[in-house]
Structures are given as structure tokens and as C-alpha cells.
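Enquirer: Could you have a look at this structure, given as C-alpha cells, before my questions?
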Amino acid sequence: MARKKTILQKVEEQFETLQVLNEEGEVVNQDAMPDLSDEQLKELMTRMVYTRILDQRSISLNRQGRLGFYAPTAGQEASQLGTQYALEKQDWILPGYRDVPQLIWHGLPLTKAFLFSRGHYVGNQMPEGVNALSPQIIIGAQITQAAGVALGLKKRGKDSVAITYTGDGGASQGDFYEGMNFAGAYKAPAIFVVQNNRFAISTPVEKQSAAKTVAQKAVAVGIPGVLVDGMDVLAVYAATKEARDRAVNGEGPTLIETLTYRYGPHTMAGDDPTRYRTEDLDNEWEKKDPLVRFRKFLENKGIWSQEEEEKVVEQAKEDIKAAIKEADQTPKQTVTQLMDMMYEELPYNLKEQREEYAAKESK
């Protein structure tokens, strides 16, 4: 037993947290600094500010009854957008339900994002050229799907990867190991991102697994695992860029664990985070806010200002206003449409029901 414990300790010691910027926006790891131009750095900040406004407005729209299902994203912008920014247009995204921002920056129109929230089928129709699946609601199911997509890309000789996202709760599912094991065995070009926001829905990560990190679970399937400061957008970008380079070079998949935090509830469907999170913990993570940290870094470089940020805020508000108006004008989905999309030929027991709904809808 002593020898087994020593081996475990040796494994755990290998997983140090990758960080480029500290909480004050200071570079603490020059070697890991990604090669990004000033314009690219500003674009990253623009996307994070825009997404924070989108989150605030989406919460408000949800409370007004103008959106359906919504999972808040504030606090996870660096984790979400740092990974997406390291991708190429030809890459595939297989998101979880909190990962709508990645889809938007990959090309999904805001209007469709809002329609997805409402459960409208149009919101699940990806535009031509947007390589993505609809957000997965089943916890962890997207991980095995990503392994399959990645293998398909490899067999077709595509210079692209499949990236998928889940939370620390998803890492407790059987699909998590199965998907990574499959991708590892076939050296499929996949990137598995676990956004560890510490609580899944309400269960602390410490109670989900005896492992000190999720990243170390990569060892069991023979692939690299990386532990990253998920509030540091540059560290997240650097880790994802390296994982993508490995994948397209035929070196197989990577597991990335981003240590992050969601400031809001798990979803807007009645979750109350004050029942399982302390005010002290919230305050601790607010000091690590990814926007504040990156803003300090850019201001110190002299390439970001309050005026520029306000322009992004106003643009986001205008875009959201126009998109929700367009969503409101989209014809509502009908029951008969749902039936027709689900079945090539209706079962006998639904034919009568369809006739009844068709009559109601024609009035």
C-alpha cells in the first residue's frame, strides 16, 4: 500500500497549474506567453466583454420570460473563449449547455442562440460552414460523440480537430472515460475540456472524486492531461493551441482541466447557489475575475481603455436587442412540425393526434 501511495503522489505532483497572468494582470510565466499580436489580444478582450454583457442580458431576458433554458456563463469567459480562440474555422465544437458563447464566436448567429434557448428547432440548425453540434443537455454525452467525430476527421484526412466541453460533474460520468479512452486508442484529433467550476450543480468537486485533479485522469487512458488556471485567458489559449497542434500532427487527444468559477447559478431553472456556496468563497473567486485580470494586462500595455470597452458594451447591447427582436418575429414551432421532423412515417397512435393538432393550428 505504501508503494501504491508513492506512485499516486508522483502522478499528482506532475500536475502543476499552468498560469501566464496572475490576478494583477502581471506576466508570471514568460515561457508560456502565446504569440499573439496586440490586435489579437484586443479581440480576445472584446469577446470576453461582449460575452459578459450577453450573459447579463440573457439572465434578464430569462426572468422576463423571453428566453427558455439558460445556464449563466459569467466567470467562465476565459475558459470558454480562450479555448475557442485557439481553434480554426474548420474545427468542430461539441458543446455542453453552458457553452453557447463558443458557438456564437464560431459563427452561430445570436438569433439562433436565443431560439435554441426557447427550444425552437431553428435554433438547432447550424448555418452552412459552422462546424458544430447543438449543445448537449445529457451530462457527458458529448464526450463520446466528440471521440467519434474526431475519428471521422482522422479517417477523412482532415486538418481539423473536435473539441468538446463538460464540467467537473461531467467528469464523473462513464462517458467521460469511455470517450477519452476511445480517442486515445485511435489517436483521434480530439480536445477534451473540463471546466472545473467546483460545484457541478451543487456537489463540491472534492466529493465527486478522490483524485486531486481531473487532469490526472488522462494518465489512465494514456493521453496528456493539462491543468490550467481557467481565469487566465492567455494560459487557456496557450494550452489549447498546443493541444490542437498535437492533434493535427497525429499525436492524439489531450485533456485540459480549466480551474474556473461560475458567478451565477447552475441554471436559471431554480438553482440557488447560496445554499451550497459561501460568501467568502464567492469573494475569493471574484478577485480572480478573468475580465479584470486581462483588462489590467492590456491597460499596462497601453492597448485598452475604458472608452474602447464602453464601445464593445454598447455594440453588444445593440446586437442583442436586434437578435431578440428577430427571434420574437420567428414563427413559433408547432406540434405538427415537431411530429413531422421526428418521424418519416407517423406511428398509427400519433396519426389521430396529429390530425387534432393540425385542426387547432389551422384556426
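The values are calculated or read from the model by the stated rules, or taken from the named source; none is laboratory data. Every value quoted in this text rests on a predicted model; they were computed, and no experiment measured them. As a convention, Cβ positions derive from the backbone with ideal geometry for all residues, glycine included, and neighbour counts pool all protein chains shown.
Enquirer: Report, by residue number, each residue of the stretch 286-297 that is surrounded by fewer than 18 Cβ atoms within 10 Å (Cβ to Cβ) and either part of a loop (DSSP other than H, G, I, E, B) or touching a Ser or Thr at 6+ places or on another chain (Cβ under 9 Å) (or both).
Expert: Of everything in the stretch 286-297, just one residue is surrounded by fewer than 18 Cβ atoms within 10 Å (Cβ to Cβ) and either part of a loop (DSSP other than H, G, I, E, B) or touching a Ser or Thr at 6+ places or on another chain (Cβ under 9 Å) (or both), namely 287.
Enquirer: Also: Are any of the residues in the stretch 269-278 of a type in the set (A, V, I, L, M, F, W, C), part of a helix (DSSP H, G or I) and out of contact with any helix residue (DSSP H, G or I) (no Cβ under 8 Å at 6 or more places or on another chain)?
Expert: So far as the stretch 269-278 goes, no, none of its residues is of a type in the set (A, V, I, L, M, F, W, C), part of a helix (DSSP H, G or I) and out of contact with any helix residue (DSSP H, G or I) (no Cβ under 8 Å at 6 or more places or on another chain).
Results for (1) over 27 Å from residue 191 (Cβ atoms); (2) within 16 Å of the chain's Cα centre (by Cα), shown as yes or no for each residue.
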{"site": "233", "(1), (2)": "no, yes"}
{"site": "239", "(1), (2)": "no, yes"}
{"site": "245", "(1), (2)": "no, no"}
{"site": "263", "(1), (2)": "no, yes"}
{"site": "267", "(1), (2)": "no, yes"}
{"site": "287", "(1), (2)": "yes, no"}
{"site": "291", "(1), (2)": "no, no"}
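Enquirer: Quick one: which residue in 90, 80, 76 is assigned by TED's automatic domain parsing to the domain that holds residue 285 and surrounded by fewer than 18 Cβ atoms within 10 Å (Cβ to Cβ)? Give the derivation first.
Expert: Values: 80 fails: surrounded by fewer than 18 Cβ atoms within 10 Å (Cβ to Cβ); 76 fails: surrounded by fewer than 18 Cβ atoms within 10 Å (Cβ to Cβ).
Among 90, 80, 76, only 90 is assigned by TED's automatic domain parsing to the domain that holds residue 285 and surrounded by fewer than 18 Cβ atoms within 10 Å (Cβ to Cβ).
Enquirer: Okay, next question. Just give me the residues in the stretch 115-174 being within 26 Å of residue 198 (Cα to Cα), among the polar types (S, T, N, Q), touching a helix residue (DSSP H, G or I) at 6+ places or on another chain (Cβ under 6 Å) and in a loop (DSSP other than H, G, I, E, B), in sequence order.
Expert: 134
Every residue, every condition in (1) closer than 14 Å to residue 244 by Cα; (2) surrounded by fewer than 17 Cβ atoms within 10 Å (Cβ to Cβ); (3) of a type in the set (Asp, Glu); (4) without any contact (Cβ under 8 Å) to a residue 12 or more places away in the chain, yes or no:
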{"residue": "142", "(1), (2), (3), (4)": "no, no, no, no"}
{"residue": "147", "(1), (2), (3), (4)": "no, no, no, no"}
{"residue": "151", "(1), (2), (3), (4)": "no, no, no, no"}
{"residue": "155", "(1), (2), (3), (4)": "no, yes, no, yes"}
{"residue": "159", "(1), (2), (3), (4)": "yes, yes, yes, no"}
{"residue": "162", "(1), (2), (3), (4)": "yes, no, no, no"}
{"residue": "167", "(1), (2), (3), (4)": "no, no, no, no"}
{"residue": "172", "(1), (2), (3), (4)": "no, no, no, no"}
{"residue": "176", "(1), (2), (3), (4)": "no, no, no, no"}
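Enquirer: Same structure again: Out of the stretch 249-279, which residues are among the aliphatic types (A, V, I, L, M) and surrounded by fewer than 18 Cβ atoms within 10 Å (Cβ to Cβ)?
Expert: Of everything in the stretch 249-279, just one residue is among the aliphatic types (A, V, I, L, M) and surrounded by fewer than 18 Cβ atoms within 10 Å (Cβ to Cβ), namely 269.
Enquirer: Let me ask something else. Name the one entry in 214, 193, 226 that is under 30 Å from residue 30 (Cβ atoms), of a type in the set (Val, Ile, Thr) and under 15 Å from the mean Cα position of the chain (by Cα).
Expert: 193 is the lone residue from the list that is under 30 Å from residue 30 (Cβ atoms), of a type in the set (Val, Ile, Thr) and under 15 Å from the mean Cα position of the chain (by Cα).
Enquirer: Counting just the residues of the stretch 320-363 that are of a type in the set (Lys, Arg) and exposed (fewer than 10 other Cβ atoms within 10 Å of the Cβ), which one comes out modelled with the lowest pLDDT?
Expert: Going through the stretch 320-363, the residues of a type in the set (Lys, Arg) turn out to be 321, 325, 332, 351, 354, 360, 363.
Restricting the remaining residues to those that are exposed (fewer than 10 other Cβ atoms within 10 Å of the Cβ) gives 332, 363.
Values: 332: 92, 363: 82.
Among them, the one singled out is 363.
Enquirer: Restricting the stretch 40-73 to residues that are small (Gly, Ala, Ser) and farther than 30 Å from residue 147 by Cβ, which is farthest from the chain's Cα centre (by Cα)?
Expert: Ranking the candidates gives 65 first.
Enquirer: Further question on the same structure: Taking the conditions exactly as written (acidic (Asp, Glu), assigned by TED's automatic domain parsing to the domain that holds residue 73, out of contact with any strand residue (DSSP E or B) (no Cβ under 6 Å at 6 or more places or on another chain) and part of a helix (DSSP H, G or I)), does residue 251 satisfy them or not?
Expert: Spelling it out, it is not the case that residue 251 is acidic (Asp, Glu), assigned by TED's automatic domain parsing to the domain that holds residue 73, out of contact with any strand residue (DSSP E or B) (no Cβ under 6 Å at 6 or more places or on another chain) and part of a helix (DSSP H, G or I).
Enquirer: Of everything in the stretch 307-339 that's charged (D, E, K, R) and free of Cβ contacts under 8 Å to residues at least 12 places away in the same chain, which residue is farthest from residue 295 (Cα to Cα)?
Expert: Quick first cut of the stretch 307-339, residues charged (D, E, K, R) only: 307-311, 314, 317-319, 321, 325-326, 328, 332.
Narrowing further to those that are free of Cβ contacts under 8 Å to residues at least 12 places away in the same chain: 307, 310-311, 314, 318, 321, 325.
On the way: 307: 13, 310: 13, 311: 15, 314: 18, 318: 23, 321: 26, 325: 32 Å.
The qualifying residue farthest from residue 295 (Cα to Cα) is 325.
Enquirer: For the stretch 204-243, enumerate the residues that are free of Cβ contacts under 8 Å to residues at least 60 places away in the same chain and hydroxyl-bearing (Ser, Thr, Tyr).
Expert: 209
Enquirer: Let me ask you something else. Looking only at the stretch 175-203, count every residue that is within 22 Å of residue 290 (Cα to Cα), out of contact with any Asp or Glu (no Cβ under 8 Å at 6 or more places or on another chain) and part of a loop (DSSP other than H, G, I, E, B) and tell me the total.
Expert: Looking only at that region, the number is 0.
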